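Accompanying notes for the structure given below.
The values are calculated or read from the model by the stated rules, or taken from the named source; none is laboratory data. The shown structure was predicted, so the numbers you read here are calculated from the model rather than taken from an experiment. With ideal geometry, Cβ positions are generated from the backbone for all residues, glycine too; neighbour counts draw on all protein chains shown. The protein model used for the area step is the full one, side chains on, heavy atoms only, and it has no ligands, DNA or RNA in it. Shrake-Rupley method; radii C 1.70, N 1.55, O 1.52, S 1.80 Å.
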Amino acid sequence: MTAHTERAANKVFFGLSATAATLILVTLAAVATFLLVEAWPALTDTSGEVAAKISWVRPDEGQSLIELAGFLVFGTVLISAVALLIATPLSIGIALFISHFAPRKLAQGLGYMIDLLAAIPSVVYGLWGAIVVIPVLQPAYEWISTYFGWIPLFAPAADGTISSTGRVAMSAGIVLAIMVVPIITAVTREVFLQTPKLHEEAALAMGATRWEMIRMAVFPFARSGMIGATMLGLGRALGETMAVYMILSVGLSYSFGLFNAASHNTIASFIAGQFPEANTQGVSALIALGLALFIITLLVNMLARWIVARRAEFSGAN
């Protein structure tokens, strides 16, 4: 291949790469513009008439769109945080076992299973959670609430009871955790496998145990990747719709109690439940809620990028 041909190939490759990157930005801007334009009637409405077009928001309650968004944002963040608290340590443990402890054949089989779990549709997780998981967990909720009800997360409702159906925020959080475990595990496993072997061998040669080697060599190298994987799982949890919709006995509340009946809902689940019955004004209000979810997801990703960049700068300075 001549030098002229190589330069032409480089220019073509650069053009294709720049076009792909620009297309991503254009798509993001188009989505943001669509949400803002369609949600504008609801955002600029001061009478509450637009919000009242959503069947759940009744005019006699005097509930504005901002108040509704506040309840839903709180429920979305709470349920996603529960899912992340459960999924992150479990995923890191599975990834460590696959990458550093399991025999090669077992590690390959587990890796295939993790990849297959990540490909299962969310509606399947929702059905499984509603039919299998909830009946098993509901008696455990009663026991936890009885002995640990002094903790706000496990406290019963104001009347001293908890949901008899198990369709509560805790169930949604557990099912979401199971859904995001394969995603976090798959990414974290690949990051762990990229750890330089010389670093691991040097730590072992200095007399470190297997755990000390992982703590001194693997975790520092993979810290940015673990943060990225966690934020990817959080993004999946924030935007999940059908699994949450099939599990929750939905409600609106600022309560931290995870066992309360009809106390929480997420933005995505609420939109899915209300969209079929909404008229033009109601759709505008729902799109405004979608805009709020879009902003939350964007802020989470920006925060993750900032944390990763700070970690990289800190590591470089050392």
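Could you pull out the residue among 263, 315, 249 that is at pLDDT below 75, out of contact with any Gly (no Cβ under 7 Å at 6 or more places or on another chain), polar (S, T, N, Q) and farther than 22 Å from residue 179 by Cα? Let's see the steps before the verdict.
Values: 263 fails: out of contact with any Gly (no Cβ under 7 Å at 6 or more places or on another chain); 249 fails: farther than 22 Å from residue 179 by Cα.
Result of the check over 263, 315, 249: 315.
Just checking, which of 140, 155 is over 20 Å from residue 241 (Cβ atoms), open to solvent by 20 Å² or more (accessible area, probe 1.4 Å), touching a residue at least 12 places away in the same chain (Cβ under 8 Å) and small (Gly, Ala, Ser)? Step through it out loud before you land on a result.
Values: 140 fails: touching a residue at least 12 places away in the same chain (Cβ under 8 Å).
Answer to the check: 155.
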Please go through (1) under 31 Å from the mean Cα position of the chain (by Cα); (2) open to solvent by less than 30 Å² (accessible area, probe 1.4 Å); (3) more than 19 Å from residue 235 (Cβ to Cβ) for residue 194 and return the number of the only condition it doesn't satisfy.
(2)
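Wholly within segment 206-256, which helices (runs of 4 or more DSSP H) include no fewer than the required count, namely at least 3 residues that are surrounded by 16 or more Cβ atoms within 10 Å (Cβ to Cβ)? Break it down stepwise before answering.
On the way: elements: 210-213, 219-239, 242-247.
Because the criterion is at least 3 residues that are surrounded by 16 or more Cβ atoms within 10 Å (Cβ to Cβ), the helices (runs of 4 or more DSSP H) in segment 206-256 that meet it are 219-239, 242-247.
Does residue 110 count as buried (at least 16 other Cβ atoms within 10 Å of the Cβ) and without any contact (Cβ under 8 Å) to a residue 24 or more places away in the chain? Outline the logic, then answer.
Details: buried (at least 16 other Cβ atoms within 10 Å of the Cβ): yes; without any contact (Cβ under 8 Å) to a residue 24 or more places away in the chain: yes.
Against the criterion (buried (at least 16 other Cβ atoms within 10 Å of the Cβ) and without any contact (Cβ under 8 Å) to a residue 24 or more places away in the chain), residue 110 qualifies.
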Note on segment 113-137: residues surrounded by 12 or more Cβ atoms within 10 Å (Cβ to Cβ) and among the small types (Gly, Ala, Ser) are 118, 122, 126, 129, 130
Look through segment 169-185, keep the residues that are closer than 22 Å to residue 141 by Cβ and open to solvent by 10 Å² or more (accessible area, probe 1.4 Å), and return whichever of them is modelled with the lowest pLDDT.
170
As an exercise: evaluate residue 199 against (1) surrounded by fewer than 20 Cβ atoms within 10 Å (Cβ to Cβ); (2) in a helix (DSSP H, G or I); (3) touching a residue at least 24 places away in the same chain (Cβ under 8 Å) and give the number of the one condition it does not meet.
(3)
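Per-residue answers, yes or no, for (1) at pLDDT 90 or above; (2) within 18 Å of residue 291 (Cβ to Cβ):
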position: 13; (1), (2): no, no
position: 45; (1), (2): no, yes
position: 52; (1), (2): no, no
position: 66; (1), (2): no, yes
position: 91; (1), (2): yes, no
Looking at 136, 123, which is the one that is out of contact with any Phe, Trp or Tyr (no Cβ under 6 Å at 6 or more places or on another chain) and within 23 Å of residue 234 (Cα to Cα)?
123
Got a number for residues in segment 158-190 being small (Gly, Ala, Ser), in contact with a helix residue (DSSP H, G or I) (Cβ under 8 Å, 6 or more places away or on another chain) and either farther than 23 Å from residue 246 by Cα or in a helix (DSSP H, G or I) (or both)?
6
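Count, please, the residues in segment 208-231 that happen to be among the polar types (S, T, N, Q) and at pLDDT below 85. Show your work before the answer.
Pass one, segment 208-231, residues among the polar types (S, T, N, Q): 209, 224, 230.
Now restrict to residues that are at pLDDT below 85: 209, 224.
Final tally of qualifying residues: 2.
Looking only at segment 259-281, count every residue that is open to solvent by less than 30 Å² (accessible area, probe 1.4 Å) and aliphatic (A, V, I, L, M) and tell me the total. Give the steps one after another, and end with the answer.
Step one: list which residues in segment 259-281 are open to solvent by less than 30 Å² (accessible area, probe 1.4 Å), which gives 259-260, 263-270, 273-274, 278.
Subsequent filtering for residues that are aliphatic (A, V, I, L, M) retains 267-268, 278.
Residues meeting the conditions: 3.
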